[in-house]
Each structure stands twice: as C-alpha cells, then as structure tokens.
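The values are calculated or read from the model by the stated rules, or taken from the named source; none is laboratory data. Predicted model, so just to flag it, every value in this text is computed and none were measured. We place every Cβ from the backbone using ideal geometry, glycine too, and count neighbours over all the protein chains shown.
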Amino acid sequence: MSAIFAKNEKTEVFLFDCNEKIGKKIFISGKGRCNITNSKDISDFFDQINHNKNFMYSSLYSFTNEDVIKFFNENGLETKIERGMRVFPKSDKSSDVIKVLEKVLIRKKVNIILNTQIEDIFLDNEKFVLKSKRGLEKFDKVIVATGGMSYPFTGSKGQGYKLLSKLGHHITDLKPGLVGIDIKEDLRKYAGVSLKFVDFKVYNKSNKLIHCEFGEMLFTHNGFSGPIVLKSSKYFNNKENFTVSIDLKPRLDRNTLDLRLLKEFEKSKNKSLKNALSNVLINSMVELVLKYSSIDGETIVNQLKKSDRLLLVETIKNLKFNFKSLRPLSEAIVTTGGIDVKEVDSSTMESKKIKNLYIVGELLDVDANTGGYNLTIAFATGHLAGVSCLRKEE
Ligand SMILES: Cc1cc2nc3c(=O)[nH]c(=O)nc-3n(C[C@H](O)[C@H](O)[C@H](O)COP(=O)(O)OP(=O)(O)OC[C@H]3O[C@@H](n4cnc5c(N)ncnc54)[C@H](O)[C@@H]3O)c2cc1C
C-alpha cells in the first residue's frame, strides 16, 4: 500500500521483497480467504486495538475501513460482509486480494524487485543506502514495512527490527499475539474437537476471573486454539500461573442446567449415564465431563445420586485446566510489541529519529484483535507513509 500511494508521475518507487512473490502473508490470511477489513464504524476500531490505539487515529481516519473497501472494489475486487462485520473478497480467495495489489503496482509503474532481501540500511550524506544482493543502492526516502515475526516462512522474519535498531530505534518486548495456548493436562485424544457456543474463562494465580470470551474454540495436541482462545491470549504470560475454565453450557445457569439434566434423565431412566448425556453434550465432551467428575458412564441413570448429578452440572459449567504456556511467536497471528511508537510521528509515519525514514504495519508496536483489524492497520499506516512521502515532494 505504501508503494502504491508513494508513486506518482514525478516519483520513482522501488518495492523490495525477499520472496519470489509479494503478499505471502496475505495469501495465508483469513484461512486463505483474507479478511481485508471490518465494516464496523471506524470509531469502533479503536476498541479492537490492543496496544497504542491513540497512535492509530491519524492513519485510520485518513484511510478508513471504507477507504480500504473502496480501494479494492474500484480495482476490481468484489467484497462481501460476514459475521462480525468482517469483510472478505466475494471469491473467498486471498490470492484475488494480492492480484489487485499487484495490478495497481504494475499500473502505477512501481519497480517490483523480488527475491531481494534488504540486508542493511545506512545513511550516506542524507541519502539512504540499501544493501542487498544487487549491491548498494541510494534512495531519498525509505518506508520499512517488513512485518512482524510470526509465520516466518511468509518472509516476515523480524529483520526489520534489526535494520531499525541499527538505525537507533528502540524495540519493545516482542511476544506472540492472537495465539493458542498449551495446558498442563494431557488432552491429546481430544485434538481436533471443536466446541461452539462455549465460554472460555481465564483466571489469574489468585483465582480471580480476568477474562471471559464466548464463541468457538478448538482442542489441539497440547491445549487450545480457535477464535475465542486467540482473542483471550493477550491475558496470559509465560511467567505466571493461570487456570482456564470452559463452560460448555453458558446459556444455562446451574439451576436451569440441573433441570435440563433431570428432564433428560427422566426420559432415559434405564439407559447408561453416558448415553443419556449424549443428548446434552457432544460425545467427546461426555467422555471428558465423566472423566473430570470421576463418575462411571455405565451407571444406570435411575441409580445416579443427586450429589453426582450436581457434580455433573458443576463440571459442565466449569471444566478447569492449568495453563502451561503460550504457543511460540512463529505460530502467532500477530507479533505484539515492535518499534516504539513514541519514536514515530503518527501523523506521517515518519521516524522522529531519522528524517525521511518511515515505519509501517505490524513492525510497529500496534496490534489488534482478529476481525480484519490487523490488515487495516497495515493498509492505513502504509497509505499514510506513502502519501506523506509524496507530500514532501510537492
Ligand atoms: C495465519 C495468519 C492469518 C491472518 N489473517 C488475517 C486476516 O484475515 N485479517 C487481518 O486483518 N489480519 C490477518 N493476519 C495478520 C496480518 O496478515 C498481518 O498483520 C499483516 O499482513 C501485516 O502486514 P505488514 O505489511 O506489516 O507485514 P507482512 O504482511 O508480514 O509483509 C512484510 C513483507 O516484508 C517482506 N520482508 C521482510 N523482511 C524483508 C527484508 N529484509 N527485505 C525484503 N523484504 C522483506 C516479507 O517478505 C513480507 O512480504 C493474519 C496473520 C497470520 C499469520
């Protein structure tokens, strides 16, 4: 986006990418469908930004979510709005998003230099020298948009942090954001089980509830992932003890759930408890709930004690696990932390330390929830850096 908006008939723009094609992370985004932005009111975006939301005011208001949609629509990409106001290409293909960016870059005659990693950036008489396998090349302005450190096979391997720290920029702590968690219990046999309409609760070491998220989650080989777990991941850190709890029936309070079980057990008096519960929970969760409440699933329902029924209610409402660690940065959707935004002018994206150097996208210490917000941050900051470069030329 930076290269597109920095280019006009008077400027010459070079876009370097270490990959053989542009937009490799966009390609895998949104499970291959690319959630390009969100169509909620732009003022609602700020609640979705986890770090340094104030830094984003100028860029998001100068290139809003509507501008993102308009940009793609005007350049031939039809879009659609899905649950949570998330905007996707109508084709469900992230490759179509990349095709649009490529098409506009070519139309605007941006020089796209692929397979070329920038190894170093340094100043020589107010010009920037970029070192790559092409040798040393001089430029008046540089926009660094090298992304974060997650999914390094897409090209964002964290090199931007090195390039910019060498130029005097400070990098805040880099951590995985929007990432799954590992737990201490062995739940391998449930890997792949997906739960819908559950509450995922996070408790701190004092057993205080610090977060609750409703929606969909997934059991993995080592713990949990899926939308509500990713969204909750910002509440964990690897230094403290946390417990998590899954409420399998969040819409029913304990009394109502007990009545629901009583009704079910009334119908299935002579059946095994295991069978009766399968009308209330998916089979894998019947097994887990029975295991956690230490009740024999073969018990005939009419022999079940009241105390056991109440224990089942409690377990269904509060399946507890011990947090072990966050999954690594390489598996995170975003990198939290990055270039300290105090060192960047939010109205232009220009470095406050080095004139004519611009820093954009995930490289900055700004990150947001899932829902199209992270790409919008990249598009908006990229746009602002591009137009700011041009403004300086005028
Ligand atoms: C699995 C996954 C799914 C996601 N889905 C979504 C989604 O649906 N919606 C959403 O909003 N966000 C999503 N995100 C987050 C979003 O993709 C990123 O936040 C966004 O791509 C960041 O854009 P960027 O331009 O800052 O960096 P990137 O997209 O990472 O681009 C950086 C580019 O710089 C190049 N590069 C790096 N270093 C060098 C160097 N030294 N020399 C030359 N080139 C270099 C890389 O090759 C890369 O092409 C997802 C992320 C992941 C990992």
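For the range 135-152, indicate whether the set of residues that are within 28 Å of the chain's Cα centre (by Cα), at pLDDT 95 or above, away from the ligand (no atom under 14 Å from the Cβ) and not hydrophobic (A, V, I, L, M, F, W, C) is non-empty. No: zero hits.
Looking only at the range 62-81, filter to residues that are among the acidic types (Asp, Glu) and touching a residue at least 12 places away in the same chain (Cβ under 8 Å); which one of those is nearest to residue 384 (Cα to Cα)? Looking at the filtered set, the residue picked out is 67. Specify the residue that is surrounded by the fewest Cβ atoms within 10 Å (Cβ to Cβ); the eligible residues are those in the range 5-28 that are within 25 Å of the chain's Cα centre (by Cα) and under 23 Å from residue 62 (Cβ atoms). Within the range 5-28, the match that is surrounded by the fewest Cβ atoms within 10 Å (Cβ to Cβ) is 26. Name every residue in the range 251-273 that is crowded, with 16+ Cβ neighbours inside 10 Å and not aromatic (Phe, Trp, Tyr), in order of residue number. Matches in the range 251-273: 252, 257, 258, 260, 261, 264, 268, 271, 273.
With the condition kept exactly as written, say whether any residue in the range 122-134 is part of a helix (DSSP H, G or I) and either in contact with a helix residue (DSSP H, G or I) (Cβ under 9 Å, 6 or more places away or on another chain) or of a type in the set (Phe, Trp, Tyr) (or both). No, there is no match, as no residue in the range 122-134 is part of a helix (DSSP H, G or I) and either in contact with a helix residue (DSSP H, G or I) (Cβ under 9 Å, 6 or more places away or on another chain) or of a type in the set (Phe, Trp, Tyr) (or both).
Taking the range 290-362 and the strands (runs of 3 or more DSSP E) fully enclosed by it, the elements with 1 or more residues that are out of contact with any Gly (no Cβ under 9 Å at 6 or more places or on another chain) and either in the same structural domain as residue 385 (by TED's automatic domain parsing) or under 18 Å from residue 171 (Cβ atoms) (or both) are at 357-359.
Can you tell me which residues in the range 213-236 are hydrophobic (A, V, I, L, M, F, W, C) and either part of a strand (DSSP E or B) or surrounded by fewer than 19 Cβ atoms within 10 Å (Cβ to Cβ) (or both)? 214, 217, 218, 219, 224, listed by residue number. Taken together, the residues in the range 363-394 that are in contact with a Phe, Trp or Tyr (Cβ under 8 Å, 6 or more places away or on another chain) and assigned to a helix (DSSP H, G or I) amount to 14. The residues in the range 78-111 that are in contact with a strand residue (DSSP E or B) (Cβ under 8 Å, 6 or more places away or on another chain) and crowded, with 17+ Cβ neighbours inside 10 Å can be counted, and the count is 9. Every test in (1) surrounded by fewer than 23 Cβ atoms within 10 Å (Cβ to Cβ); (2) within 8 Å of the ligand (Cβ to nearest atom); (3) not aliphatic (A, V, I, L, M) is passed by residue 342 save one, and that test is (2). Kindly evaluate residue 132 against the criterion of being modelled with pLDDT of 95 or more, hydroxyl-bearing (Ser, Thr, Tyr) and more than 23 Å from residue 7 (Cβ to Cβ). For residue 132, the condition - modelled with pLDDT of 95 or more, hydroxyl-bearing (Ser, Thr, Tyr) and more than 23 Å from residue 7 (Cβ to Cβ) - is not met. Only residues that are within 13 Å of the ligand (Cβ to nearest atom) and outside any strand (DSSP E or B) were counted across the range 106-121, and they come to 6. When the range 65-81 is filtered for residues that are within 18 Å of residue 44 (Cβ to Cβ) and either among the acidic types (Asp, Glu) or outside any helix (DSSP H, G or I) (or both), the ones remaining, listed by number, are 66, 67, 81.
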